[in-house]
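Only one structure is covered here, and it is reproduced in the block below.
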Amino acid sequence: MTHPDFEELLAVLDLNRVDDNLFIGSHPSKNPVRTFGGQMVAQAFVAGGRTLEHKLAPSALNAHFIAGGDPEKDLEFHVGRLRDERRVDVIQDGNLLTTVMISYMNAGRGLEHSVPAPEVPHPDTLPKIDELLRGYEKTVPLFVEALRPIEWRYTNDPSWVMRDKGGKLDHNRVWLKTEGVMPDDPVLHGAALVYSSDTTVLDSIITTHGLSWGFDRIFAVTMNHSVWFHRPIKFDEWVLYSTTSPVAAESRGLGTGHFFDASGRLLATVVQEGIVK
């Protein structure tokens, strides 16, 4: 039986096409106070991909968050065509919320190397996220009540467990895959990765200081988010999201992440900047 939250993710990624360059996107039934940034950018990624005349693979995505969205209202995705790039403006009630630039290019042969995947336990040996939230329902209620179309298997203690033990952690590593079989559509697999890339990337900023959402008063808002796509993605198979924070200064923090497949190949790189204080 397919997980209902996974069905909701597929539904919000199935944009309503109004004309060649305009799409309408909805929200799922479970939402934070503001529209989840990963959802907006994933929907923008789909809008851009649906306007391509030729089958080109994505190479990079850069999103700038300008204003928060209202989860009670639909989103408009206006696509601008720039050679092999797409600019997608996310608009609600006439206000620009986010601008996303997506680059595409044909793959080709060339030099290849990448950083090695960290050595971590196999996901089948690790507890599900529900087990890690048990006993912390009042500490991190937003996590407990959040839409969970992606299965999470932490290889380390998540921030709330780490904080409860009085520890610190300069990295976070979590296995991810969708809670169901994805359609055979590279755009949707890429969108699922983009959606997930906005989940734990800032965690290493706070865990480096021994802090956690729910336990400590932390203000955090994402300013910009970038993804570089290195290889084809199958997001209904296990991928490892390994994140660290190289710097936090002047009330801003940077989170970086790498997605690896189960064989250790680097699939994508993520960089996100946020106001964290």
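The values are calculated or read from the model by the stated rules, or taken from the named source; none is laboratory data. Only a predicted model underlies this, so the values are computations on that prediction, with no experimental measurement involved. Don't worry about glycine lacking a Cβ; one is built from the backbone with ideal geometry, like all the others, and counts go over all protein chains shown.
Out of (1) at pLDDT 95 or above; (2) under 21 Å from residue 164 (Cβ atoms), what's the single condition that is false for residue 276? All conditions are met except number (1). Filtering 127, 141 for residues that are at pLDDT 95 or above, over 19 Å from the mean Cα position of the chain (by Cα) and farther than 21 Å from residue 257 by Cβ leaves a single hit, 127. Return yes or no: is residue 182 outside any helix (DSSP H, G or I) and in contact with a helix residue (DSSP H, G or I) (Cβ under 6 Å, 6 or more places away or on another chain)? So residue 182 fits the description; yes.
When the range 212-222 is filtered for residues that are assigned to a loop (DSSP other than H, G, I, E, B) and either crowded, with 20+ Cβ neighbours inside 10 Å or touching an Asp or Glu at 6+ places or on another chain (Cβ under 9 Å) (or both), the ones remaining, listed by number, are 212, 215.
The residues of the range 223-250 that are touching a strand residue (DSSP E or B) at 6+ places or on another chain (Cβ under 6 Å) and either surrounded by 21 or more Cβ atoms within 10 Å (Cβ to Cβ) or of a type in the set (Gly, Ala, Ser) (or both), listed by number, are 225, 226, 227, 229, 233, 235, 239, 240, 241, 242, 243, 245. Put simply, of 177, 168 the only residue that is in contact (Cβ under 8 Å) with a residue 24 or more places away in the chain and either touching a strand residue (DSSP E or B) at 6+ places or on another chain (Cβ under 8 Å) or β-branched (Val, Ile, Thr) (or both) is 177.
In the range 84-100, the residues that are farther than 9 Å from residue 48 by Cα reach residues that are charged (D, E, K, R) with C-beta atoms within less than 7 angstrom, at least six apart or across chains, in these pairs: 91/76; 92/70; 92/73; 92/76; 93/73; 96/89; 99/87; 99/89. Residues in the range 69-83 that are surrounded by 15 or more Cβ atoms within 10 Å (Cβ to Cβ), touching a strand residue (DSSP E or B) at 6+ places or on another chain (Cβ under 7 Å), in contact (Cβ under 8 Å) with a residue 40 or more places away in the chain and not β-branched (Val, Ile, Thr): 75, 76, 77, 78.
Within the range 126-140, track down each residue that is within 26 Å of residue 42 (Cα to Cα) and either assigned to a loop (DSSP other than H, G, I, E, B) or in contact (Cβ under 8 Å) with a residue 40 or more places away in the chain (or both). Residues satisfying the conditions are 128, 140.
Evaluation of residue 162 against the conditions (1) modelled with pLDDT of 95 or more; (2) outside any strand (DSSP E or B) shows that the sole unmet condition is (1).
Residues are listed down the side, and each one gets a yes or a no for (1) part of a strand (DSSP E or B); (2) among the hydrophobic types (A, V, I, L, M, F, W, C); (3) at pLDDT below 95; (4) closer than 20 Å to residue 185 by Cβ:
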{"position": "6", "(1), (2), (3), (4)": "no, yes, no, yes"}
{"position": "10", "(1), (2), (3), (4)": "no, yes, no, yes"}
{"position": "31", "(1), (2), (3), (4)": "no, no, yes, no"}
{"position": "41", "(1), (2), (3), (4)": "no, yes, no, yes"}
{"position": "54", "(1), (2), (3), (4)": "no, no, yes, yes"}
{"position": "73", "(1), (2), (3), (4)": "no, no, no, no"}
{"position": "86", "(1), (2), (3), (4)": "yes, no, no, yes"}
{"position": "89", "(1), (2), (3), (4)": "yes, no, no, no"}
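Looking across the range 242-262, just one residue is among the acidic types (Asp, Glu) and more than 17 Å from the chain's Cα centre (by Cα), and that is 250.
Take the residues of the range 243-267 that are in contact with a Phe, Trp or Tyr (Cβ under 7 Å, 6 or more places away or on another chain) and assigned to a strand (DSSP E or B): which is farthest from residue 196 (Cα to Cα)? Within the range 243-267, the match that is farthest from residue 196 (Cα to Cα) is 266. The set of residues in the range 103-125 being assigned to a loop (DSSP other than H, G, I, E, B), in contact with a strand residue (DSSP E or B) (Cβ under 7 Å, 6 or more places away or on another chain) and polar (S, T, N, Q) consists of 114 alone.
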